[in-house]
Amino acid sequence: MIDISYASTVEGWMAEAELRYLASLAEKSSCILELGSWKGRSTSVLAHHTPGIVIAVDTWRGSVEHQPELKGKPTSGIWFDFMANVGRYNNVWPLPMNSLSAARVISLSPLRFDLIFIDASHDYESVKADIQAWLPLLKTEGPYSNPGILCGHDFMRWGVKNAVRELVPRHRLVPNTSIWSTEGV
């Protein structure tokens, strides 16, 4: 049963419909990768609903668009907020690295993902690099003999739309959200 009550209390930009959608994907996923975790709103909903693990990759220093908001604040603040918010879950594995470094490290392991959720830097070059680095780590067969799902947030913002249209031509927009997804296409 989907329960977004706790995740809804965590500071972040995910709308309730978006949290519900991620929860529905997490229920069918045993190995999830989240790129860009901020303070743990989406991480919490993924961790609460998966029977498996969530690897959360972030520098916890904020993207370019967050720098004005973070000016004058300690760089460790986001990390401590994230850990406080996801500390109730023992299936969250934080990986404090940039996306491309994390992809290189994980590509050396046998880990492959049922679900990859991209919500890190939103400029075209970063989104394109994230898709190119992580797509090879998506399972070719996932739950119920379906391939893994690649999805992301903020489709209508920054360079996300152009990068997704270029590199993931078979995607759909999830109704009433800003999430793009390969699920159901």
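Suppose R0 equals 25 Å. What FRET efficiency, 1/(1 + (r/R0)^6) with r the Cβ-Cβ distance, do ASN176 and ASN98 give to the nearest 0.05?
The calculated FRET efficiency here is 0.20.
How would you order 55-61, 104-110, 155-161 from highest to lowest mean count of nearby Cβ atoms within 10 Å?
55-61, 155-161, 104-110
Helix-only estimate, please: 222 nm mean residue ellipticity of the chain, summing -39500 (n - 2.57) across DSSP H runs of length 4 or more and dividing by its residues, to the nearest 500.
-9500 deg cm²/dmol
Kindly state, to the nearest 0.05, the FRET efficiency for ARG61 paired with ARG165, given R0 = 35 Å and r defined as their beta-carbon distance.
E between ARG61 and ARG165, to the nearest 0.05, is 0.75.
Can you order the peptides 172-183, 86-97 by their average number of other Cβ atoms within 10 Å per residue, highest first?
172-183, 86-97
Within 10 Å, count the other beta carbons around each residue, average over each peptide in 135-141, 30-36, 9-15, and list them highest first.
Those peptides, ordered most packed to least, come out 30-36, 9-15, 135-141.
Give the label of the value calculated from the structure for semi-axes √(5λ) of the Cα gyration tensor in Å, choosing from [x] 28, 20, 15; [y] 22, 19, 17; [z] 34, 21, 17.
[y]
Where in segment 33-55 does the label zone of ASP81 land, with the point 7 angstrom along Cα→C-beta and an amide N cut-off under 14 Å?
Once the point is set 7 Å along Cα→Cβ of ASP81, 37-43 turn out to lie under 14 Å by backbone N, inside segment 33-55.
For segment 126-141, just list the computed ³J(HN,Hα) in residue order, Karplus coefficients 6.51, -1.76 and 1.60, θ = phi - 60°, integers in Hz, with x standing in for Gly and Pro.
Using θ = phi - 60°, the values come out as 5, 5, 4, 5, 4, 4, 5, 6, 9, 3, x, 9, 7, 4, 7, 9 Hz.
No value in this document is a laboratory result; all are computed from the given coordinates. What you are looking at is a predicted structure, and each value in this text was computed from that prediction instead of being measured. All Cβ positions, even for glycine, are placed from backbone atoms using ideal geometry, and neighbour counts span all protein chains on display.
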